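Asker: Here it is: the structure, laid out below.
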Amino acid sequence: MDLLADQLWPDLDGDRALHTLRTTIYRLRKLIGTDAIVLEDDHVRLDTQHVATDLGRLWTALAHMRNTQLTETERLDAFDQALRLYRGPLLPGVALENVAEERSRLASVLLNEALAFLLTLDPTGPAAALRAHRLRTLAPGVTLPDALNRLWPA
């Protein structure tokens, strides 16, 4: 918890940062329920059985997007939801190594899954063009595969 407190409140000394973290956890538990926040082995996490997160919804949308058992419309909806939920890099101001790794992994998975899904669509259809354009706004420096290049000019 010390590391988390230092990352969240770098301007406070160690004891004040830790006190602020404990106070914040106490208040959050009052707001969203005691079981929603788990403290174990000096780690803090949300219990997904008691609280939903945008990150959890994003991973679910990505899973639906690649699920070929769903209809194309359902997969398009999942694509749209994934792009709505992804609002840029995860916790951009947090320098913790595991957060930085998850930030990078999430961005990579989102882009790769979205591109793979776009390749399953008719590249001449408006659904592919619209989604390719929306994806470009999230990753302007990415070059699409040749099959989609004309939908996403450099």
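The values are calculated or read from the model by the stated rules, or taken from the named source; none is laboratory data. The shown structure was predicted, so the numbers you read here are calculated from the model rather than taken from an experiment. With ideal geometry, Cβ positions are generated from the backbone for all residues, glycine too; neighbour counts draw on all protein chains shown.
Asker: Can you find even one residue in the stretch 63-76 that is touching a His at 6+ places or on another chain (Cβ under 7 Å), among the acidic types (Asp, Glu), more than 28 Å from LEU31 (Cα to Cα) and not assigned by TED's automatic domain parsing to the domain that holds ALA36?
Answerer: Yes - at least one qualifying residue is present in the stretch 63-76.
Asker: Something else: Report whether or not ASP11 is in a helix (DSSP H, G or I) and either over 22 Å from the mean Cα position of the chain (by Cα) or charged (D, E, K, R) (or both).
Answerer: No.
Asker: Sticking with this structure for a sec: Pick from ASP35, ASP6: which is in a helix (DSSP H, G or I), in contact with an Asp or Glu (Cβ under 7 Å, 6 or more places away or on another chain) and farther than 26 Å from PRO126 by Cα?
Answerer: Sole residue among the options that is in a helix (DSSP H, G or I), in contact with an Asp or Glu (Cβ under 7 Å, 6 or more places away or on another chain) and farther than 26 Å from PRO126 by Cα: ASP35.
Let's see how each residue does on (1) of a type in the set (Ser, Thr, Tyr); (2) modelled with pLDDT under 90; (3) over 30 Å from PRO10 (Cβ atoms):
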position: LEU85; (1), (2), (3): no, no, no
position: ALA107; (1), (2), (3): no, yes, no
position: PHE117; (1), (2), (3): no, no, yes
position: THR120; (1), (2), (3): yes, yes, yes
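Asker: Sticking with this one: Kindly indicate whether ASP47 is among the acidic types (Asp, Glu) and surrounded by 15 or more Cβ atoms within 10 Å (Cβ to Cβ).
Answerer: The answer is no for ASP47.
Asker: Here are LEU111, LEU90, LEU28, LEU62: which of them is in contact with a helix residue (DSSP H, G or I) (Cβ under 6 Å, 6 or more places away or on another chain), on the phi < 0 side of the Ramachandran plot, part of a helix (DSSP H, G or I) and surrounded by 15 or more Cβ atoms within 10 Å (Cβ to Cβ)?
Answerer: LEU62
Asker: For HIS19, are the conditions met, namely being touching a Leu at 6+ places or on another chain (Cβ under 8 Å) and either of a type in the set (A, V, I, L, M) or not in a loop (DSSP other than H, G, I, E, B) (or both)?
Answerer: Criteria not met by HIS19.
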